[in-house]
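Every read-out reported here was derived from the displayed coordinates using simple, explicitly stated rules and does not represent laboratory data. Computed from a predicted model, the values in this text were never measured in an experiment. With ideal geometry, Cβ positions are generated from the backbone for all residues, glycine too; neighbour counts draw on all protein chains shown.
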Amino acid sequence: MRVVIAEDNALLREGLLLLLTSAGHEVVAVATSGPEVLPALLEHRPDVAVLDVRMPPGFRDEGLLAALAARAEIPGLPVLVLSQYVEQAYAAELLGGGASGIGYLLKDRVGRVDEFLEALDRVAAGGTALDPEVITELLTRRRDSPLDALTPRERQVLELMAEGHDNTTIASTLVITERSVHKHIGNVFAKLDLPPSDSGHRRVVAVLTYLNNT
Amino acid sequence: MPPTAGRNEGAHTQMRGVVRYTTTVAPARARKRAGPPSLCSMRKTVRQAGRATAHLARAAALALGTYLFITMLLIAVAGAMVVIGIGTVPETVLLVRKIAGAKRRHVREWTGREIPEAYLAIPGPLRESLRAAVRDPCTYADLRWMLAYYGYGVLAVLAMPLWPLGLLVDGVWCGLLRRRAMLLPLIVRLADLDAAWSTALLKPPPRARLAERVRELADTRAGAVAAHGAELRRIERDLHDGVQARLVSMSMRIGLAKRAYEKDPVAGRKLLDDAQAQAEEALTELRHVVRGIHPPILTDRGLVGAVRALAAGSGLTVVVAGDDAGPRAPAAVEAAAYFVVAEALTNAAKHSGADRAEVRIARTDIGLRVLVRDEGRGGAEDLGTSGSGLLGIRRRIAALDGTMALSSPAGGPTMIDVELPCAW
């Protein structure tokens, strides 16, 4: 895959470069400050972009704004945003234009190399990768809801589903069969009163919309 | 035709004039020709008195109108003067302040002691400047002094005739007879008297000093809040860019090492080495951050011990004088003192060219006094714009209501004298 990286911290930039090339990806451009990101994305039109949120010159949310701007120019451009802390508002902004090809992960997750690369693949393929912390925050934020009616297992399935995983991954993560994953998902959708939907990212959108709105 | 018409008109006006003349004059003549008193003439007299009364009544009404008009005019003039006068009040007060300021400088030149000022600032818009000018107790103090000075200002004039007399008398008394001079020292006494009275009268009243103090406290409080905010941002930035980034990078290398573990053990080992190096660097940075918040050695060794440690690491030969026995100052005061010394020694080592320095730490009645002195080339920047760090130190000290005096003449020595109030 052709990847564009935007990261101002030299250590992390170098680490990401090492990690991506060792996984067989091609890093076509590296941006080290906010204003460089958008031109690099428009020029190279990568298969996926890995962007840091906080970058020079302002050290605020330059990476996030660049990601949104790039997706406005190139609809559906897969973007994986990395950050040292997750902010619910940022997740909402990123998902505002649709959950397809969106990733938002804590930088800590990069250490789990295989999972990180898997998330990158998922985002590049038009899927979603949301950090468990984002989902946990979404789930704990709500008190009143039908979520309480979920069994612990169903809740786990919901969380993994919201993070953007497919049935196979959910099954292997929870060490259950895909059939029971399917059953749990059916129960979750029924309990939350959502229209049943099997296709990967439509399902994520439905769940996230539910979590965000109700 | 026209000429005739003109003449006709002329004749007509003349005619009218004549007619009027006869009608107005005729009653007067009739009055003069009035015969001896009789019942008939009594009626006439009453009628005339009545007419005269009506005339006087009209005159009175007219006079009333005139009074009213003049009164209004006077009020308008007075009003205009008040308006103009009010408009010039702030300017006048500023002028008074200037004159008082000149007198303060004048007295200071004689006594060598500063007379403090505690004026309220006079802002731009008239309404506010007027309020400030009128409310400022110093305005009245200055005016009181001016009034008094109107009297005792004559002292200067008194000195004049003393001169020739003094030269003559003291010339004989002191110059020839070797006695103590009598008259010329009187001139000195006069100047002393002038200075003493002026000092007493020009001192800001207690209320103004209190207001000044409140303003000062508000300023330093704002400074403290700003310093605190800057400190929080600095700590966040240090943790975010330093420690956190290193930990992520380390985690990344361990992850890669795990992947390489079986396929390429040599590369895996190299990655693990990198990861360990980053763990160590993260620890170093964490120590730096912690030291920037509150130096742990202060907790362990107390201020003097911590300053000795600083001195040992400064690269200079530093004499530290201080006593560690007795009660300790509050943590914030100790930390501020510690950072003052750290900054001063860093500057001395970096910029002054000195190889010796001296630090004195002393408990005073009102708090802690820290004095750092180096024998360098002086000329230390006080503004703190060029990253000298002194501005941060100054803020930190102001936040604790302390004072800092920096003396660094070109050629040295540089001396920083800091007082931090605290209770023992």
Q. Across segment A:121-126, in residue order, what do the Karplus-derived ³J(HN,Hα) couplings come to in whole Hz, using 6.51 cos²θ - 1.76 cosθ + 1.60 with θ = phi - 60° and x for Gly and Pro?
A. 4, 4, 5, 4, 7, x
Q) Using θ = phi - 60° and the Karplus form 6.51 cos²θ - 1.76 cosθ + 1.60, what ³J(HN,Hα) does each residue of segment B:214-225 get, whole Hz, x for Gly and Pro? A) 4, 4, 4, 5, 4, 4, 5, 5, 4, x, 5, 5
Q: Give me the angle, in degrees from 0 to 90, between the Cα long axis of helix A:152-163 and the longest principal axis of the Cα atoms of chain A, rounded to the nearest 10.
A: 30
Q. Under 5 Å between amide H atoms, partner at least 5 residues away or on a different chain: which partners does B:Ala357 have, H built in plane at 1.01 Å?
A. B:Thr317, B:Val318, B:Val319
Q) From the phi of every residue in segment B:115-122, what ³J(HN,Hα) in whole Hz does the Karplus formula 6.51 cos²θ - 1.76 cosθ + 1.60 yield, where θ is phi - 60° and glycine or proline is x? A) 9, x, 10, 8, 6, 7, 5, 9
Q: Please compute the net charge surrounding B:Met415, taking Lys and Arg as +1 and Asp and Glu as -1 over other residues with Cβ under 11 Å from its Cβ.
A: -2
**Q.** Amide H partners (placed H, <5 Å) of B:Thr414, local residues excluded
**A.** B:Asp374, B:Gly376, B:Gly378
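Using the Kirkwood radius over Cα pairs, work out the Stokes-Einstein diffusion coefficient for the protein assembly as shown at 10 °C and 1.306 mPa s, in µm²/s as a whole number.
Values: Rh = 35.6 Å.
Translational diffusion coefficient: 45 µm²/s.
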Q: Could you point to the residue in B:Leu368, B:Gly101, B:Thr414 farthest towards the positive end of chain B's charge dipole, with +1 and -1 charges on the Cβ of Lys/Arg and Asp/Glu respectively?
A: B:Gly101
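Could you compute the FRET efficiency for B:Val154 and B:Ala196, with r as their C-beta to C-beta distance and R0 at 22 Å, rounded to 0.05? Spell out each step's value before the answer.
Details: r = 16 Å, r/R0 = 0.72.
The pair B:Val154/B:Ala196 has a calculated efficiency of 0.90.
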Q: Using a cut-off of 14 Å between beta-carbons, work out the net charge of the residues near B:Ala195 (Lys and Arg +1, Asp and Glu -1, B:Ala195 not included).
A: +3
Q: Over the alpha-carbon set of chain B, work out the extent along each principal axis and list the three values in angstrom, largest first.
A: 154, 97, 52
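Given the DSSP H assignment, sum -39500 (n - 2.57) over each helix run of at least 4 residues in chain A and divide by its residue total; what's the result at 222 nm in deg cm²/dmol, nearest 500? If you can, show how the numbers build up before the last one.
Details: 10 runs with 114 residues, N = 214.
That comes out to -16500 deg cm²/dmol.
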Q. How big is the antiparallel share of DSSP beta bridges in the protein assembly as shown, given as a percent to the nearest 5?
A. 45
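Just flag the trypsin sites (Lys or Arg not before Pro) in segment B:128-191 sitting in loop per DSSP whose Cβ has no more than 11 other Cβ atoms within 10 Å.
On the way: sites: B:Arg131, B:Arg135, B:Arg144, B:Arg178, B:Arg179, B:Arg180, B:Arg189; in loops: B:Arg178, B:Arg179, B:Arg180.
Within segment B:128-191, the qualifying trypsin sites (Lys or Arg not before Pro) (loop, at most 11 other Cβ atoms within 10 Å) are B:Arg178, B:Arg179, B:Arg180.
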Q) Placing +1 at every Lys and Arg Cβ and -1 at every Asp and Glu Cβ, with all other atoms neutral, what dipole size does chain A have around its Cα centre, in debye to the nearest 20? A) 560
Q. For chain B, what is the mean residue ellipticity at 222 nm derived from helices alone (per DSSP H run of n ≥ 4: -39500 (n - 2.57); sum divided by total residues; nearest 500 deg cm²/dmol)?
A. -24000 deg cm²/dmol
Q: Take the alpha-carbon positions of chain A, form their convex hull, and give its projected area averaged over all directions (one quarter of the hull surface) in nm².
A: 11.2
Q | Qualifying GluC sites (Glu not before Pro) in segment B:111-140, DSSP loop, other Cβ atoms within 10 Å at most 13 | A | B:Glu114
Q: Mind checking B:257-267 for the average number of partner chain beta-carbons within 10 Å of each residue's beta-carbon?
A: 1
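Treating only the Cβ of Lys, Arg, Asp and Glu as charged (+1, +1, -1, -1), what charge dipole size does the protein assembly as shown show about its Cα centre? Round to the nearest 20 debye. Let's see the in-between values first.
On the way: 78 positive and 70 negative charges, 1421 e Å.
Dipole about the Cα centre, nearest 20: 6820 debye.
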Q | GluC sites (Glu not before Pro) restricted to segment A:54-120 and DSSP loop, no more than 16 other C-beta within 10 Å | A | A:Glu87
Q.
I'd like the mean, over residues of B:241-251, of how many other protein chain beta carbons sit within 10 Å of each residue's own Cβ.
A. 6
Q. In vacuo Debye scattering of segment B:98-235, one point per C-alpha: log10 I(q)/I(0) at q = 0.10, 0.13 Å⁻¹?
A. -0.55, -0.75
